[in-house]
Amino acid sequence: MATRTFEDKEEEEEEEEEAGEDHHGPSHHPPAPPDELFDIATSVDPSYIISLIRKLLPNVKNDHNFCGADGDSAPNEGSKIDLMGESASSSPKDRVRGSPDHNSEAMDVVNGFEKSSYQDGDDENLCRKVERPGVSAGEEVWEEYGCVLWDLAASRNHAELMVENLVLEVLLANLMIPQTVRVAEIILGIIGNLACHEVLMQRIVSTQGLIEIIVDQLFLDDTQCLIEACRLLTLCLQGSECIIWAEKLQSEHILQRVLWIAENTLNPQLIEKNVGLLLAILESRPEVARALHPPLMKLGLPSVLIDLLAFEMNKLQHERIPERYPALEVILRSIEALSVLDSYSQEITLNKKLLQLVCDLIQFPDKVEVANSCVTAVVVLANILSDIDDLASEISQDLPFIQGLLEMIPFASDDLEARSALWSIVARILVKVQEDEMRQSSLHQYVSVLVSSSDMIEDDLLDHQLDETTHRIPCGFKRSARVTAIIRIISIINKWTTSKDCVEENNSVEDHLADDTNVGRLLDCCHKYIESVGRSYSGD
């Protein structure tokens, strides 16, 4: 009887709409059927959410006259449900457009920076308002109802209520028939917000046919649809049902499409979401890694990531577009993830182009703008140096690079992994410095670089001295890279101070060196640090 009562109320609402009611938003929230109980607490009337879901049911008579758009063409509930059953056997391939064989111009992914997805917990209107000539009033109303559900799906309670009332089945029914790309984007956005809630992951994968049709959306040639598809797939690969999703993605033509999108789009948000999907794969569970890593490596994932980094670095050095910074960061994080995979790390660490790009970023003058990316670049470089023994000796001659590296100290200060990586690079480089064999002018340049960064070195040593001194270190335990680096700094400065009085050319160079006070302060700070740390090394 509850269903009959609800139908009556919906028919009354549709009659009001026919009489000229404003279509720009729902003005009537139908009350819940008296004999229906809702076990999920929400801040919105549950019957209102249910009414929105019903308005998204596709129209069996006309694919583009959506339910709730106008009363004349709205079919009865029976015909709508029949549509869902009939659509399940139809193939979505007829709607799939675009392939890696198409030219990059085929994709509408060059411009557009609209943000429509639920990201990082932002509490905002998630649905873009876009003026689109030629769109029927019925489609606009469907989109408005869909956008409301998109927003509501960000709340776990609302999302659970929506799933309990068959929103996934309704959205699947819409995807099974021809739709505008805007409708597809809204559907993917709703499911993406539902996927933010781990408790709903199993319901998503258990909806028959939904996974396959979501994966098929990767072949659409629309920027916003692809952004939402990549975001949704990323969330699913990070969830408890990731193995099921990996099985659906492991086909070579699907992974080839993912890489093709990365190579052919200029849209920074799509690059960010697309590479974010690749990052989720690289950081996935072993079962997912076994399924997806080999085919991606076969298709040239390392080259794609390095080419993307080169593109973003060129943009950074010449244009400084803040909207592109998140894309740069996720590309570097993906390269970092790849550099630590035992089976594939050398694909990254032996690449000279990557080495140059990473060094260029570390030397970038305005590090504040891209601090996170610079920190990740330091970690990548540390991984490269751990695989190539001779590289540290070569880098030790590059004083501008060493200057840029030391300038990274404050940016890496709060990140334990990055700070360890930075000091490991400094230690590897300074160990290769042969100060006893250096000409006075070369030694002067080295000391100048060290002294110019003395404030940053001193602050880091003081801030993190407890890291070395809190616990007594067992006898024979290997000293940290930071300790090794500081010992080398002391040795280089001592060599300078003892030799400058004995060399005749000293008079011509000491005027260019930072004043002796700074040299002495840095040396004193390093000595105090080593003395305090030395007490922790019972065997050193």
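ILE362: out of contact with any Gly (no Cβ under 8 Å at 6 or more places or on another chain), buried (at least 21 other Cβ atoms within 10 Å of the Cβ) and at pLDDT 90 or above, yes or no? Lay out the reasoning, then the answer.
Values: out of contact with any Gly (no Cβ under 8 Å at 6 or more places or on another chain): no; buried (at least 21 other Cβ atoms within 10 Å of the Cβ): yes; at pLDDT 90 or above: yes.
No.
Could you check region 278-292 and list, in sequence order, the residues that are open to solvent by less than 30 Å² (accessible area, probe 1.4 Å) and either of a type in the set (Phe, Trp, Tyr) or outside any helix (DSSP H, G or I) (or both)? Outline the logic, then answer.
Of the residues in region 278-292, the ones open to solvent by less than 30 Å² (accessible area, probe 1.4 Å) are 278-282, 284, 288-289, 291-292.
Scanning region 278-292 gives a single hit, SER284.
Kindly list, by first and then second residue, each pair from a residue in region 393-409 that is polar (S, T, N, Q) to a residue that is in a helix (DSSP H, G or I), limited to pairs with Cβ atoms under 8 Å and residues at least 6 apart or on different chains.
Here the result reads SER396/ILE402; SER396/ILE429; SER396/LEU430; GLN403/VAL449; GLN403/SER452, each pair linking region 393-409 to a residue that is in a helix (DSSP H, G or I).
For every residue, the table says whether it meets (1) part of a helix (DSSP H, G or I); (2) open to solvent by 10 Å² or more (accessible area, probe 1.4 Å); (3) touching a Leu at 6+ places or on another chain (Cβ under 9 Å).
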| position | (1), (2), (3) |
| --- | --- |
| ILE384 | yes, no, yes |
| GLN403 | yes, yes, no |
| TRP423 | yes, no, no |
| GLU458 | yes, yes, yes |
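Just to check your reading of the model, which residue among PRO326, PRO302, PRO295 is more than 21 Å from ALA229 (Cα to Cα), in a helix (DSSP H, G or I) and either in contact (Cβ under 8 Å) with a residue 40 or more places away in the chain or open to solvent by 50 Å² or more (accessible area, probe 1.4 Å) (or both)?
On the way: PRO326 fails: more than 21 Å from ALA229 (Cα to Cα); PRO295 fails: more than 21 Å from ALA229 (Cα to Cα).
Selected residue: PRO302, the only one of PRO326, PRO302, PRO295 that is more than 21 Å from ALA229 (Cα to Cα), in a helix (DSSP H, G or I) and either in contact (Cβ under 8 Å) with a residue 40 or more places away in the chain or open to solvent by 50 Å² or more (accessible area, probe 1.4 Å) (or both).
Quick one: in region 227-267, which of the residues that are of a type in the set (Asp, Glu) and within 25 Å of PRO286 (Cβ to Cβ) is least open to solvent (accessible area, probe 1.4 Å)?
So the first thing to find is which residues in region 227-267 are of a type in the set (Asp, Glu), and the list is 228, 241, 247, 252, 263.
Subset that is within 25 Å of PRO286 (Cβ to Cβ): 241, 247, 252.
Details: GLU241: 42, GLU247: 107, GLU252: 87 Å².
Filtering first and then ranking leaves GLU241.
In region 308-339, what residues are of a type in the set (Phe, Trp, Tyr) and either touching a helix residue (DSSP H, G or I) at 6+ places or on another chain (Cβ under 6 Å) or modelled with pLDDT under 95 (or both)?
TYR325, the sole residue that qualifies.
With respect to ILE348, is the statement that it is touching a residue at least 40 places away in the same chain (Cβ under 8 Å) and within 23 Å of ALA427 (Cβ to Cβ) true? Write out each step before concluding.
Numbers: touching a residue at least 40 places away in the same chain (Cβ under 8 Å): yes; within 23 Å of ALA427 (Cβ to Cβ): yes.
Criteria met by ILE348.
For ILE388, only one of the following conditions fails: (1) under 14 Å from ALA485 (Cα atoms); (2) open to solvent by 30 Å² or more (accessible area, probe 1.4 Å). What is its number?
Single failed check for ILE388: (1).
Applying the selection to region 351-373, what residues are within 24 Å of the chain's Cα centre (by Cα) and farther than 12 Å from MET313 by Cβ? So that I can check it myself, show each step before the final result.
Just the residues of region 351-373 that are within 24 Å of the chain's Cα centre (by Cα), to begin with: 351, 353-364, 366-373.
Those that are within 24 Å of the chain's Cα centre (by Cα) and farther than 12 Å from MET313 by Cβ: ASN351, LEU355, ASP366, LYS367, VAL368, GLU369, ALA371, ASN372.
Quick check on this structure: which one of VAL358, VAL378 is closer than 28 Å to SER491 by Cβ, of a type in the set (A, V, I, L, M, F, W, C) and free of Cβ contacts under 8 Å to residues at least 40 places away in the same chain? Working first, answer last.
Numbers: VAL378 fails: free of Cβ contacts under 8 Å to residues at least 40 places away in the same chain.
Among VAL358, VAL378, only VAL358 is closer than 28 Å to SER491 by Cβ, of a type in the set (A, V, I, L, M, F, W, C) and free of Cβ contacts under 8 Å to residues at least 40 places away in the same chain.
The values are calculated or read from the model by the stated rules, or taken from the named source; none is laboratory data. Just so you know, these numbers come straight off a predicted model, no measurement behind them. When we count neighbours, we look across all protein chains shown, and the Cβ atoms used for this are built from the backbone with ideal geometry, even at glycine. Side chains included, ligands, DNA and RNA excluded: accessible areas come from the protein's heavy atoms. Shrake-Rupley method; radii C 1.70, N 1.55, O 1.52, S 1.80 Å.
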